[in-house]
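The numbers here are math on the coordinates, done by the rules we state, and not lab data. Since this is a predicted model, take the numbers as computed values, not measurements. All Cβ positions, glycine included, derive from the backbone under ideal geometry; neighbour counts span all protein chains shown.
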Amino acid sequence: MQLAKWAHDLAESLLAESLPKRWAHSQRVYSQALMLAPALGADAELLAAAAIAHDVGYAQAAVDTGQHMIDGARYLRDVVGADLRLCSIVAFHTSSPWEASELGLNDALAEFGPAESDLVDAITFCDLTSSPTGALVDPDDRLTEVLDRYGPEHVVYRAVSAARPELLARVARVRQRRADVEWSLS
């Protein structure tokens, strides 16, 4: 768990004091990633590290493009020299491709591709089952909360609206993968 510990310490240093709600959310995303470990095998620690660091792009030190997924991935890659797979998971999490398209940042996102679909599914599941304050939440309710928070004129609203069917499909794939692993272990 060295990578996850390193990512935890980094995310805590960037988020805990200046963005405490974001830090609480990130901690829940991390705990959700730990729960998925049996279904991820060798990639469990990588997902845990990406989960705790997935929102570092909101930290003032990381803001560049204004798209927190890309900003976080760039910060991880360029400032702290993180594993490129970790950077990719952060870059592509949740609705990032749709948001990047809305903002004209497809080339910036492509710096971190191609995305590893199983890991992007997993981090999306973790993100969408974690409320903004760190509580467990239903993914459909989480997406509704995001839409309500941003409103129809905001890029995040448009991106999440377009992405919603795929985001819920990602959650369903992770749930199925978990069920398959639990079935095989019993």
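Things worth noting here:
- Cβ-placed point charges (K, R +1; D, E -1), dipole of the range 1-98 about Cα centre in debye, nearest 20: 160 debye
- Segment Ala61-Ala135, length gained on full extension (0.36 nm per residue, minus Cα span): 24.0 nm
- Extension reserve of the Glu182-Asp9 stretch, reckoned as 0.36 nm per residue once the Cα distance is removed: 59.2 nm
- Using a simple spin-label model with pseudo-atoms 7 Å out from Cα toward Cβ, Val79 and Ala37 lie 2.9 nm apart.
- From its DSSP helices (H runs of at least four residues, each -39,500 (n - 2.57)), the chain gives a residue-normalised ellipticity at 222 nm of -21000 deg cm²/dmol.
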